Amino acid sequence: MNIIQELQNTFGEAAVAPQATKDDIPTFWTTKERLPEILRFLKSGTQSPYPMLYDLSAIDERVRGNRQDQPASDFTLVYHLLSFERNQDVRVKVALAGEHPSIPSITPLWKSADWYECEIWDMFGIRAEGHPHLRRILMPPDWKGHPLRKEHPARRTELGKFRLADDREVKEEDAMRFRPEDWGLSPRQDGTDFMFLNLGPHHTGTHGVLRIILELDGERIENAILDIGFHHRAQEKTAERQTWHTYIPYTDRIDYLAGVLNEFPYVLAVEKLAGIEVPDRAKVIRVMLAELFRIANHLVWYGTFAADLGQLSPVFFTFNDRERFYTIIEAVCGFRMHPGWFRIGGVAADLPRGWEKLVRDFLDYMPARLREYDRIVMQNRIVKARTQGVGALTRDQAIEWGVTGPNLRACGFEWDFRKKRPYSGYDQFEFDIPTATHGDSYDRAAVRVEEMRQSLRIVEQCLKNMPAGNTKADHPLATPPRKDRTMLDIETLIDHFLNVSWGPVVPAGEAAFGIEAAKGNMSYYLISDGSTQSYRARIRTPSFPHLQAVPEMTRGLNISDLIAILGSIDFIMGDVDR
Amino acid sequence: MNQVLIQLAVIIVILLGLTTVSAGLIWLERRLLALWQDRYGPNRVGPFGLLQVAADMIKIFFKEDWIPPFADKPVFVLAPAIIMVTTFLSFAVIPFAPGIGIVDLNIGLLFFLAMSSLGVYSVVLAGWASNSKYALLGGLRGAAQMLSYEVFMGLSLMGVVMLTGSFNLSAIVEAQRGLWFVIPQFPAFVIFLIAGVAETHRLPFDLPEAENELVAGFHAEYSGLKFGMFFVGEYLGITLIAAMITTLFLGGWLGPVLPPFVWFFLKTFVFICLFILLRASLPRLRFDQLMAFGWKVMLPLVLANLLVTGAIVLARS
C-alpha cells in the first residue's frame, strides 16, 4: 500500500490531498492543524517509517501563476522526509494564508528542525510557534525584512545606496555580541564560573567563517552554540533571477571544493522537469568528473583533518596531489575549482584529445600516495588517540540529526544514493560502499579514505569503457541549443536566438533530485512556473545538518576535541550558508 | 684586568653567536620543513634565502610594538624578557669545548634546571597578563605541561649525576671518555629528549600555542619585538636542549680527529634537526593525554631508571 493511501485511511481523505510532481516523490497537502500528528505518524507510526527529516523549506506562492490543482496558499511549507526501509521520500506540504503566517514547531519531533525553522523565519518571516529559540540564523540579527519573500528585491541596487555610518557599525557589532541570557545560560551555576569563549568567525580551526560560542568549565565544553550565516550569498534568491542555464556556474560556489558535484543535482533536477534523456557518453563523462572531484574534495579534507590534529605536513602532500587532479580538470574545461562544465542535457563539450593519458597517469599515481598517507596519518598512534571515541554518533542520533554521506556510513549504516537510487548510470559501475562501526571521528576519516579508493575504481571503469556518441541530448530545451541547423531556416534561427538570449522555457512543475555529493546528500528542489528561470530553488546541502549536530557531539569534551571533530565531519561554510 | 676583558669578550662572542644561531634556525627550520613537505621555503632573499633572517629581523624590529589596552602592562612587558634571560643564563654553564665556556660551576646541572624552571614564568605570566581568553588557556596549558615535565626532566638527569658523581658539566663530559652516557643511560636519554621537547613546547607538545586550537595561545596578543623575543626564545630553547643532550649523553666535545668545538656543534646540530623533523611529522597530543603520559608513563619509568642505576652504582662500589 502506498503511503498516501495509508495516510488517507488513517487521517481521512480531507486531511491528505495528493499532488502530482515530476519526480514521483509522493507529495500531499495537509493543514497546519493536522501536521504534527501526520508527521508523528510518518516518523514512528507507520510500518516502515520515515525517520529522517531530509529537508524543510518554504515557498512564497503569492505570485506563482501555474499552480494547477494545488490548494490556495500564500506560503507553503514543505517537509521532505526520507525512509531508508522503503528507499522512498515523502513530501508534506502545508498551505498557509496571510502575510505573516505561523506554523507549529516540530522541534519536539525532530531536533534537527531547529535550524530549518529558524531559516524559514529568517528567509520568509513565517514563525514556528513553540520553537525553543527562534532567531535569525543566516542574516545578521538586526536585519530588516525577509529576503526570500517575493517582494524583497533580488538585486542590491534596488535598495538604494548602502552606507555604513559609524553609529550603525557600532550597533551592528553590538548586535553580534553574545549574551548568555538569550540562550538561557548563566555565567555562574552551582558554584562554577563558566567562561564564554568566542571561537571564530575567523579562527584557524573552523575551516571558514564559522563562529562557535563555547561555554567552558576549564577546558571542558558545557555548551557549544554555533553562529552561521557569515558565508551567506543568497544562492537560492539568485536562482530566482538567473535563467535555468546561467545558474549553473552559481551552483559551483555552494560546496566550492567539489566542483561538478554541485552542478550534478541541479542539472539532473532540471532535466527531470524538462524530460530530457541524456546520452550515454555525457553520463559517463559526468560520472568520471564527479568522482574525480570527490577525490579532490577528500584530498583537501585529508590534509586539513591532519592539520587540525596538529600534523603539519600532509596538507602539503594532498594539495600537491590535488594539483595533479587539476591538470586533468584544466585540460577538460579550462577552469579549476569552478568548472561550470555540466549543461542541461549533457556536458559543455567533448573530452579533449589525450584525456586518457591524463586520467591514466592520475590513476597510476594516486594509490601509492594513499598508502603513504595511511602510514603517516591513519596509522599514526597519536592520530588514533586523538580521534578514536571522540565525537561519536550512534546510527539513530545521526538519522535524527539528518546526517548523510560518509558521516552516516561511519555509524555502520550503508546508505549511498549511488547504490540505492542510481543516477546517471551508476548502476553500471562496480564499486563498494565503505562503512565503519563506531561513528567516531576516526571512523569518519577511515570511510573517506576508502571512498577515495572506490572513486578511483569508478574513474578507471569510466576510462576503460567510455562510450562513443553525443555529449549533449538532442532536445529543444538542452543548453546551449544546437547550432548546426540554425542557418538553414528562420524557425530554428529564432529558436536558437531565444534559447541563447532568454534561455529555455522549462515547463511548469516541481522536481527534486538528490545525489551523493562529496560531503553527503545534496539535493535541488526546483519549481518551475513555466518561465525562463526557477520560481523557487531549494538547495538541500549536507553540511547544514552536519554542523547542527556538532553541539551534541562535543558536549563534555574539550577544545582540542572540538577541533578534531570539526575536521572529521568535513563541512564547508559555502555549503552551510549557501 | 686582562682576565676580565678576555672573559667579557668570550661572553659577548657566545651571546652574539647564540643569537645568530637561533635566528639562523628560523631559516633552517623553514627550509628543512619545506624540503620535507615538497615545497621550496624561503629562497628569494640572498643566496638560498639566507638573508631571510635579516629580512625577518628588520620586520620584527620595525613593526608597531602594540600593547593591548586591556593588558597588565608591566607584566606583559616583562614576560617575553624572562624566557630570553633564563635561556641565555642557562648557556652560561655549558662547556662548548675545554676552556670555552662562561663559567664552570660545580652545580652547573642544578643551575640549568633552575633556569629552565624559571622559564615557565614567561609562559604563565604572558598568558595571564594578556588578559585574553585564548592567551589564558594557553598559559594554563603551558603551566601544567611544563611543571609536570619539569619533574622527570630533573629526575632523568640524576642517573647521569650518579654515574659521574658530580653536578659539574665539564666533569660529566670528562666522565664519558670511555663510554657516552647515551648507552648506560638510554632510558634517561629518551625521557630527557621527550621532556626537552615539552619544555620548549614544540610539536607534538606545542599545546600552549596550538595554532589551530588556541590561535597562538599564550603569545596571541603579542606583536613586534616582544613577539620576536618569544620566537627567538623558542629557538634558543631548542639550541639549549640540544646542547644539553650533547653534553649529558653524547660526550659533549669528545670525538676523534676534528677539533672539540666542531664535535660539539655537529652533535647539537643533529638534535636540532631532529626537533624540526618531529615538527614535520607528528600530530599534537591532547592536553589530558599529555598529562597522563607524563605522570603515568614517564614518571614511573624515570624512577625505575634511577633505582636500577643506583643499584648498579652501589654494586660496583
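On the basis of being part of a helix (DSSP H, G or I) and either surrounded by 14 or more Cβ atoms within 10 Å (Cβ to Cβ) or among the aliphatic types (A, V, I, L, M) (or both), does A:Leu393 make the cut?
Considered against the rule, which asks whether it is part of a helix (DSSP H, G or I) and either surrounded by 14 or more Cβ atoms within 10 Å (Cβ to Cβ) or among the aliphatic types (A, V, I, L, M) (or both), A:Leu393 comes out as no.
For segment B:228-317, give me every one of the helices (runs of 4 or more DSSP H) that falls completely inside it and has 1 or more residues that are more than 14 Å from every other protein chain (Cβ to nearest Cβ) and modelled with pLDDT under 85.
B:260-281, B:299-316
Condition first: within 14 Å of chain B (Cβ to nearest Cβ), under 30 Å from A:Glu460 (Cα atoms) and touching an Asp or Glu at 6+ places or on another chain (Cβ under 7 Å). Now tell me which residues in segment A:352-394 satisfy that. Working first, answer last.
Residues of segment A:352-394 within 14 Å of chain B (Cβ to nearest Cβ): A:365, A:369, A:372-373, A:375-391.
Checking which are under 30 Å from A:Glu460 (Cα atoms) leaves us with A:365, A:369, A:372-373, A:375-380.
Correct list: A:Arg369 only.
Residue pairs, Cβ under 6 Å, 6 or more apart or interchain, first in segment A:195-206 and facing chain B (nearest Cβ under 9 Å), second open to solvent by 30 Å² or more (accessible area, probe 1.4 Å) and modelled with pLDDT under 80. List them.
Matching pairs, first to second residue: A:Thr204/B:Glu211.
Provide a single number: the residues in segment A:305-339 that are away from chain B (no Cβ under 14 Å), under 26 Å from the mean Cα position of the chain (by Cα) and open to solvent by 10 Å² or more (accessible area, probe 1.4 Å). Talk me through it step by step, then tell me what you get.
Step one: of segment A:305-339, the residues away from chain B (no Cβ under 14 Å) are A:325-339.
Now restrict to residues that are under 26 Å from the mean Cα position of the chain (by Cα): A:325-326, A:328-330, A:332-339.
Adding the requirement that they be open to solvent by 10 Å² or more (accessible area, probe 1.4 Å) leaves A:330, A:332-338.
Looking only at that region, the number is 8.
Out of (1) within 26 Å of the chain's Cα centre (by Cα); (2) open to solvent by less than 70 Å² (accessible area, probe 1.4 Å), the odd one out for A:Lys22 is which?
With respect to (1) within 26 Å of the chain's Cα centre (by Cα); (2) open to solvent by less than 70 Å² (accessible area, probe 1.4 Å), A:Lys22 is out only on (2).
Out of the residues in segment A:532-578 that are touching a Ser or Thr at 6+ places or on another chain (Cβ under 9 Å) and of a type in the set (Gly, Ala, Ser), state the one that is nearest to A:Asn262 (Cα to Cα).
A:Gly574
Given the condition buried (at least 19 other Cβ atoms within 10 Å of the Cβ), in contact with a strand residue (DSSP E or B) (Cβ under 9 Å, 6 or more places away or on another chain), among the aliphatic types (A, V, I, L, M) and closer than 14 Å to A:Arg578 by Cα, answer yes or no: does some residue in segment A:234-242 qualify?
Yes, segment A:234-242 contains at least one residue that is buried (at least 19 other Cβ atoms within 10 Å of the Cβ), in contact with a strand residue (DSSP E or B) (Cβ under 9 Å, 6 or more places away or on another chain), among the aliphatic types (A, V, I, L, M) and closer than 14 Å to A:Arg578 by Cα.
Among the residues of segment A:95-116, which ones are in a helix (DSSP H, G or I) and open to solvent by 10 Å² or more (accessible area, probe 1.4 Å)?
A:Asp114, A:Trp115
Keeping to segment A:119-146, report how many residues are open to solvent by less than 30 Å² (accessible area, probe 1.4 Å) and in contact with a strand residue (DSSP E or B) (Cβ under 8 Å, 6 or more places away or on another chain).
6
Tell me, yes or no, whether segment A:83-94 has at least one residue that is open to solvent by 30 Å² or more (accessible area, probe 1.4 Å) and closer than 17 Å to A:Leu526 by Cβ. First the steps, then the outcome.
Step one: list which residues in segment A:83-94 are open to solvent by 30 Å² or more (accessible area, probe 1.4 Å), which gives A:85-88.
In the following step, the residues that additionally are closer than 17 Å to A:Leu526 by Cβ were identified as none.
For segment A:83-94, residues open to solvent by 30 Å² or more (accessible area, probe 1.4 Å) and closer than 17 Å to A:Leu526 by Cβ: absent.
Do any helices (runs of 4 or more DSSP H) lying entirely in segment B:166-222 carry at least 1 residues that are within 14 Å of chain A (Cβ to nearest Cβ) and open to solvent by less than 30 Å² (accessible area, probe 1.4 Å), and which ones are they?
Numbers: elements: B:169-175, B:186-199, B:211-214.
Of the helices (runs of 4 or more DSSP H) lying wholly inside segment B:166-222, those with at least 1 residues that are within 14 Å of chain A (Cβ to nearest Cβ) and open to solvent by less than 30 Å² (accessible area, probe 1.4 Å) span B:186-199, B:211-214.
Can you list residue pairs whose Cβ atoms sit under 7 Å apart, with the first residue in segment A:416-437 being surrounded by fewer than 17 Cβ atoms within 10 Å (Cβ to Cβ) and the second being β-branched (Val, Ile, Thr) and not in a loop (DSSP other than H, G, I, E, B)? Count only pairs 6 or more apart in sequence or on different chains.
Final answer for the pair search is A:Gly425/A:Val284; A:Gly425/A:Val287.
In segment B:131-165, which residues are surrounded by 20 or more Cβ atoms within 10 Å (Cβ to Cβ), in contact (Cβ under 8 Å) with a residue 24 or more places away in the chain and either charged (D, E, K, R) or within 14 Å of chain A (Cβ to nearest Cβ) (or both)?
B:Tyr134, B:Ala135, B:Leu137, B:Gly138, B:Gly139, B:Arg141, B:Gly142, B:Gln145
Please verify whether A:Arg220 is closer than 20 Å to A:Leu562 by Cα and either open to solvent by 10 Å² or more (accessible area, probe 1.4 Å) or out of contact with any helix residue (DSSP H, G or I) (no Cβ under 8 Å at 6 or more places or on another chain) (or both), treating the condition exactly as stated.
yes
Starting from residues that are assigned to a loop (DSSP other than H, G, I, E, B) and more than 10 Å from A:Trp29 (Cβ to Cβ), keep the ones in segment A:70-81 and report whichever is least open to solvent (accessible area, probe 1.4 Å). Step through it out loud before you land on a result.
From segment A:70-81, those assigned to a loop (DSSP other than H, G, I, E, B) are A:70-74; that's our starting set.
Those still in the list that are more than 10 Å from A:Trp29 (Cβ to Cβ) too: A:72, A:74.
Numbers: A:Ala72: 94, A:Asp74: 51 Å².
Among residues in segment A:70-81 that are assigned to a loop (DSSP other than H, G, I, E, B) and more than 10 Å from A:Trp29 (Cβ to Cβ), the one least open to solvent (accessible area, probe 1.4 Å) is A:Asp74.
Could you list all residues from segment A:145-192 that are in a loop (DSSP other than H, G, I, E, B), closer than 16 Å to A:Glu240 by Cα and either free of Cβ contacts under 8 Å to residues at least 60 places away in the same chain or not basic (Lys, Arg) (or both)?
Here is the first cut: in segment A:145-192, the ones in a loop (DSSP other than H, G, I, E, B) are A:145-155, A:160-165, A:177-179, A:184-187, A:190-191.
Still in the running and closer than 16 Å to A:Glu240 by Cα: A:146-155.
Scanning segment A:145-192 gives A:His146, A:Pro147, A:Leu148, A:Glu151, A:His152, A:Pro153, A:Ala154.
Kindly establish whether B:Phe91 is in contact with a Ser or Thr (Cβ under 9 Å, 6 or more places away or on another chain), among the aromatic types (Phe, Trp, Tyr) and surrounded by 24 or more Cβ atoms within 10 Å (Cβ to Cβ).
So B:Phe91 does not fit the description; no.
Are there any pairs, at least 6 apart or on different chains, whose C-beta atoms fall under 6 Å, with the first in segment A:280-298 and farther than 14 Å from A:Trp341 by Cα and part of a helix (DSSP H, G or I) and the second among the charged types (D, E, K, R) and at pLDDT 90 or above, and if so, which?
As it stands, the answer is A:Ala296/A:Arg322; A:His298/A:Arg448, since those pairs meet every condition given.
Consider segment B:223-234. How many of its residues are open to solvent by less than 10 Å² (accessible area, probe 1.4 Å) and at negative phi?
Residues meeting the conditions: 2.
Identify all residues within segment A:364-377 that are of a type in the set (A, V, I, L, M, F, W, C), touching a residue at least 60 places away in the same chain (Cβ under 8 Å) and open to solvent by 10 Å² or more (accessible area, probe 1.4 Å); write none if there are none.
Within segment A:364-377, A:Ile376 is the sole residue that qualifies.
For segment B:98-110, how many residues are closer than 23 Å to B:Met162 by Cα and at pLDDT below 80?
4
What is the number of the single condition among (1) farther than 30 Å from A:Asn380 by Cβ; (2) in contact with a helix residue (DSSP H, G or I) (Cβ under 8 Å, 6 or more places away or on another chain); (3) in contact (Cβ under 8 Å) with a residue 24 or more places away in the chain that A:Gly530 does not meet?
Going through (1) farther than 30 Å from A:Asn380 by Cβ; (2) in contact with a helix residue (DSSP H, G or I) (Cβ under 8 Å, 6 or more places away or on another chain); (3) in contact (Cβ under 8 Å) with a residue 24 or more places away in the chain one by one, A:Gly530 breaks only (2).
With the requirement that a residue be within 18 Å of B:Trp27 (Cβ to Cβ) and open to solvent by 50 Å² or more (accessible area, probe 1.4 Å), what does segment B:261-300 give you?
B:Phe265, B:Phe269, B:Val270, B:Leu274, B:Leu277, B:Arg279, listed by residue number.
The values are calculated or read from the model by the stated rules, or taken from the named source; none is laboratory data. Quick caveat: nothing in here was measured; it's all calculated off a predicted structure. Every residue, glycine among them, receives a Cβ derived from its backbone with ideal geometry; neighbour counts consider all protein chains shown. The accessibility values were calculated without ligands, DNA or RNA, using every heavy atom of the protein model including side chains. Shrake-Rupley method; radii C 1.70, N 1.55, O 1.52, S 1.80 Å.
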